[in-house]
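The values are calculated or read from the model by the stated rules, or taken from the named source; none is laboratory data. Keep in mind the model is a prediction, meaning the values are calculated, not measured. Every residue, glycine as well, gets a Cβ built from its backbone with ideal geometry; the counts of neighbours run over all protein chains shown. Quick note on the areas: whole protein, heavy atoms, side chains included, nothing else; ligands and nucleic acids left out. Shrake-Rupley method; radii C 1.70, N 1.55, O 1.52, S 1.80 Å.
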Amino acid sequence: MYDVIIIGAGPAGTAAGYYLARKGFSVLLLDRRSFPRKKACAGGITPKAMALFNYDISHLVCRTFREIKIVRPGNRSFIIKNKNPLCYITRRSELDAYSLNRARAAGCRFKKIDKLTSLKQDGHGVSLTVIQDGEPVCYTSQYLIGADGANSKTQRLTGRTAVSSNVKLPALEADVRVSCAAGYAMEFDFSKNFSGYYWLFPRKHHVNIGIFSARADGHLSQKLLVRYARLRFGTGLLSDVKGYPIGTSQGTVTPGRGRVLLAGDAAGLAEPLLGEGIYAALKSGILSARAVEYALNLSFAPPIAAMDWYRQALSPLLWDLWLYQRSAFIMYRFPGPALAAASWPMLHNYFSRGYARAKTLHEMLLPF
């Protein structure tokens with residue numbers, strides 16, 4: 001029996017695995033993919049997310065941005081900037097592979113599986129049945145952390161009785177090869193009259209473009225990206241087109257049940273304003289690991305229940321999520337007035353300073 005099984009070797013899973021393995025616990029990390037893997041993600045890392053990595057990832061950063069262009073309805077624009085970085089750009093395939101290697105070096109055991117088939121738990125532990133190399137295999141542990149993304153099978157297998165408020169917001173991205181990609185700004189374009197935005201994340205030799213819908217029923221297509229690429233770059237030639245869901249919530253978050261803790265998109269913790277989820281994945285991954293650590297520490301009397309500790313520890317993150325939910329409602333219901341207000345230098349300079357200093361949204365709003 002393992003101390004903990006972790007499903008999913010993305011940012012949440014590897015953060016949890018690295019933390020627990022370094023503390024001396026036995027950890028089994030499972031994923032359906034071999035690494036390095038292609039991962040649908042623009043690869044942006046915010047300062048607050050960067051601050052959560054327990055190891056140096058600076059060698060994985062291919063661009064650093066201190067200015068971000070915001071395009072308002074009517075094609076008017078303004079620049080958010082700070083002397084400190086506002087965003088770091090990585091390649092998710094490299095980031096995930098490196099994080100997994102660090103978790104394994106810390107002591108995690110990693111296995112590739114085909115799929116999950118059943119999950120059972122009682123007062124003593126968790127029993128997980130998977131298909132591995134075409135055969136059913138059963139693993140047991142005292143706790144399980146589900147970090148398997150917006151389409152989480154772990155979430156479905158927990159048999160939660162609470163009504164889930166999780167929603168999946170669609171995103172679509174592609175790469176456009178352009179000359180002098182370094183000459184383009186990092187950009188969020190809200191001018192196209194829909195509940196969402198287009199983005200431009202310049203790399204060394206190409207620009208990653210994408211479209212995010214703030215509605216779960218938003219209909220995204222490659223044709224939209226081709227049309228946007230032609231408008232911006234004069235070419236509709238796209239490569240590495242990928243679509244993916246972003247796991248967020250429109251109500252109360254239920255981060256698991258009993259001995260099964262959910263983290264990241266699997267718990268619906270990505271923010272719904274811009275769809276950023278790496279910070280919440282790292283934060284909840286570390287918090288779920290600490291919850292397991294405390295629950296397995298026999299020196300506490302009375303014993304600490306992992307889920308109770310985890311729910312309480314998530315409170316600041318859930319407060320932030322609530323603020324992002326309200327902000328997204330205002331932004332996408334009234335984009336013109338909302339972005340006109342955001343264009344005021346006094347307002348966006350205040351938030352850019354806090355953002356660059358790795359503050360969370362509720363920390364920035366505390367003075368008010």
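Computed over the range 127-184, relative contact order equals 16 percent, with contacts defined as Cα pairs under 8 Å that lie 6+ residues apart. Sorting HIS206, HIS124, HIS59 by solvent-accessible area of protein heavy atoms yields HIS124, HIS59, HIS206, largest first, with a 1.4 Å probe. How large is log10 of I(q)/I(0) for the range 184-318 at q = 0.21 Å⁻¹ when the intensity is taken from the Debye formula with one equal scatterer per alpha-carbon? Calculated log10 I(q)/I(0) at the listed q: -1.18. Summarising the overall dimensions of the chain from its C-alpha atoms, the Rg and Dmax are 20.7, 67 angstrom.
What FRET efficiency comes out for the pair GLN312/HIS124, r = Cβ-Cβ distance, R0 = 25 Å, nearest 0.05? Intermediate results must be reported in sequence, preceding the final value.
Numbers: r = 24 Å, r/R0 = 0.94.
The pair GLN312/HIS124 has a calculated efficiency of 0.60.
Counting only DSSP beta bridges with both residues in the range 1-139, what percent are antiparallel, rounded to the nearest 5? Could you put the intermediate results ahead of the total?
Details: 22 of 30 bridges.
If we restrict to bridges inside the range 1-139, about 75 percent are antiparallel.
Could you tell me which of rounded, prolate or oblate describes the range 56-157, using a ≥ b ≥ c as the square roots of the eigenvalues of the alpha-carbon gyration tensor, with rounded for a/c under 1.5 and, failing that, prolate when a/b is larger than b/c and oblate otherwise? Prolate is the answer for the range 56-157, as a/c is 1.5 or above and a/b outweighs b/c. Of the peptides 192-202, 212-222, the ranking by mean beta-carbon count within 10 Å, highest at the top, reads 192-202, 212-222. The accessible area of LYS39, taken with all protein chains in place and a 1.4 Å probe, comes to roughly 80 Å².
Largest GNM mean-square fluctuation among ARG37, ARG109, ARG353, using the chain with Cα springs under 10 Å: ARG37.
Compute the relative contact order of the range 267-368 as a whole-number percentage, counting only Cα pairs closer than 8 Å that sit 6 or more residues apart in sequence.
Values: 59 pairs, mean separation 26.3, N = 102.
Reported relative contact order: 26 percent.
Counting only DSSP beta bridges with both residues in the chain, what percent are antiparallel, rounded to the nearest 5? Counting only bridges with both partners in the chain, antiparallel ones make up about 70 percent. The lysines whose alpha-carbon is closer than 22 Å to the alpha-carbon of LYS283, local same-chain residues fewer than 8 away aside, are LYS23, LYS39, LYS48, LYS153, LYS168, LYS359. Per-residue accessible area (protein heavy atoms, 1.4 Å probe) orders HIS205, HIS362 as HIS205, HIS362, starting from the largest. Under 15 Å from the Cα of LYS242, which aspartates and glutamates turn up, not counting those fewer than eight places away in the same chain? Filter leaves GLU173, ASP175. Mind running the shape call on the range 226-283? Use the C-alpha gyration tensor, a ≥ b ≥ c as the square roots of the eigenvalues: rounded below 1.5 for a/c, prolate if a/b tops b/c, oblate otherwise. Here the range 226-283 falls in the prolate category. Pulled fully out, how much extra length does the chain show between CYS180 and SER93, if you take 0.36 nm times their separation in residues and subtract their Cα-Cα distance? So the chain would gain 28.9 nm between CYS180 and SER93.
Gain in length, GLN222 to TRP344, computed as 0.36 nm per residue apart minus the alpha-carbon separation, to one decimal in nm? List each step's numbers first, then the result.
Numbers: separation 122, 0.36 × 122 = 43.92 nm, distance 3.44 nm.
Full-extension gain reported as 40.5 nm.
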